[in-house]
Amino acid sequence: MTINSPVILAVELGPLRLKNPVMVASGTFGYGQEYAALVPLENLGGVVVKGISLEPRSGNPPPRIWETCGGMLNSIGLQNVGLQTFLREKLPHLRPLQVPVIVNLFGNTVEEYGELAAGLDGHEGIDALEINISCPNVKAGGMAFGSDPKMVFQVVSAVRSRTNLPVITKLTPNVTDITLPAKAAEDAGTDILSLINTVAGMAVDPQTRRPRLGNVVGGLSGPAIKPIALRMVWQVIQASNLPVIGLGGIVSVEDALEFLIIGAKAIQVGTANFVNPQVTLDIISGLEDYLRQQGLRDINQIIGTLEVAR
């Protein structure tokens, strides 16, 4: 194959087809329009918008972000405009895009997840839903939905029963065995799995002897968590028959290739968007270059090709 030969980057995640496997992660790209002047959104494989709740949320007290070695701690508190404002003010800007738009959603109860799914269903311009199950269940003493397979099953079932859209379940890494919530989500009818969400962490100021974050504990993201993410994505792929989206610490085409080679059908880029707003474009062009260098024509020729000594 010559260096200028066209290559195929399109991938299929069950019912969801992407022109390329490079997406942006929820919470790191606003509602899309914030980056539109910097990134041609139509060039992306998919846009995952900031998490939406039934009612607007003001989020956690500041400080909300702290840079760490190889990453970032954040405790935004899922600040968002709420369902109705999203549909009225944000969705019209997304509707004309020739790229799949995925809406991340979260709730405080199982019932809220179901209501959100129903409220988002049937609107032109929404191509799939991504369920954030890292949130606390207020009816169960604040335990995160994603840490209990039974609660995962309930939440995914509630969403699945209220929408005809493809459903993606985003798994939390803050568990002992990642395959258990993955299997619960699969049994409940999710179409796709995405992982990982942020890893729980904290930082302290030795001078003031106070937490760096107003909420004390936050979510760690960035390159520091990539080995954890790779391990968990690999484990879920071995345990599940569903397509998997890999994310966690991806900042380069080499990082993206690692996730694809272990079997992820697509990837999401998160924290790196804050450092280089055009990082997704760099990764897409890097994947094209890689295929040409390898003498390959289709990105699917490398997905799931990890060789493990037996």
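Computed from the coordinates by the stated procedures, all read-outs in this text should not be read as laboratory data. Note that the structure is a prediction, hence the values are computed from the model and not measured. For neighbour counting, all protein chains shown are included, and Cβ atoms are generated from backbone atoms with ideal geometry for every residue, glycine included.
Name the residue farthest towards the positive end of the dipole of the chain from the options GLY32, VAL167, SER221, assuming +1 on Cβ of Lys and Arg, -1 on Cβ of Asp and Glu, about the Cα centre. In the chain, that residue is SER221. Can you give the net charge of the other residues whose Cβ lies under 15 Å from the Cβ of VAL275, counting K and R as +1 and D and E as -1? For residues surrounding VAL275, the net value is -2. Counting Lys and Arg as +1 and Asp and Glu as -1 over every other residue whose Cβ lies under 13 Å from the Cβ of THR85, the net charge comes to +2.
The alpha-carbon of LYS183 sits under 15 angstrom from the alpha-carbons of these aspartates and glutamates, leaving out residues fewer than 8 places away in its chain: ASP148, ASP191. Near the amide H of GLY249, within less than 5 Å, lie the amide hydrogens of GLY222, GLY270, THR271, all on another chain or at least 5 residues away, with H placed in the peptide plane. Between ASN43 and ILE65, full extension at 0.36 nm per residue minus the direct alpha carbon distance yields a gain of 5.0 nm.
Were the residues from LEU180 through VAL275 laid out at 0.36 nm apart, the gain over their Cα-Cα distance would be 30.8 nm.
For the chain, a Gaussian network of Cα nodes joined below 10 Å ranks VAL48, VAL101, VAL204 by mean-square fluctuation, and the top entry is VAL204. Subtracting the Cα-Cα distance of MET143 and ALA309 from their residue separation scaled by 0.36 nm leaves 55.8 nm.
Would you mind counting up the charge near LEU116? Only other residues with Cβ under 15 Å from its Cβ, with Lys and Arg at +1 and Asp and Glu at -1. Taking every other residue near LEU116 into account, the sum is 0. In this rough spin-label picture, where each label sits 7 Å from Cα along the Cβ direction, the SER5-GLN294 distance is 1.4 nm. Simple rule: put +1 on each Lys or Arg Cβ and -1 on each Asp or Glu Cβ in the chain, find the dipole, and look at ALA158, PRO15, ILE303; the Cα lying farthest toward the positive end is ALA158.
A simple rule links phi to the HN-Hα coupling: the Karplus curve 6.51 cos²θ - 1.76 cosθ + 1.60 with θ = phi - 60°, which for region 222-227 gives x, x, 4, 9, 4, x Hz, with x for Gly and Pro.
Annotation for region 41-102: GluC sites (Glu not before Pro) lying in DSSP loop with at most 14 further Cβ atoms inside 10 Å of their Cβ do not exist. Once you reduce region 80-120 and region 1-79 to the center of their Cα atoms, the two points are 15 Å from each other. Between the amide H of SER194 and those of THR169, LYS170, LEU171, ILE245, distances stay under 5 Å, these residues lying 5 or more places away or on another chain, with hydrogens modeled in the peptide plane. 3J(HN,Hα) couplings calculated from phi for region 120-127 with the Karplus curve 6.51 cos²θ - 1.76 cosθ + 1.60 (θ = phi - 60°) are, in sequence order, 8, 5, x, 8, 4, x, 10, 9 Hz; Gly and Pro show x.
Looking only at region 75-108, which residues have a backbone nitrogen under 14 Å from a spot 7 Å from the Cα of HIS123 in the C-beta direction? Correct set: 80-96, 101-106. A simple charge model with +1 on the Cβ of Lys and Arg, -1 on the Cβ of Asp and Glu and nothing else charged puts the dipole of region 115-221 at about 560 debye relative to its Cα centre. Residue by residue, region 164-173 carries 3J(HN,Hα) couplings of 9, 6, x, 10, 10, 10, 9, 8, 7, x Hz when phi is fed to the Karplus relation 6.51 cos²θ - 1.76 cosθ + 1.60 (θ = phi - 60°); x denotes Gly or Pro.
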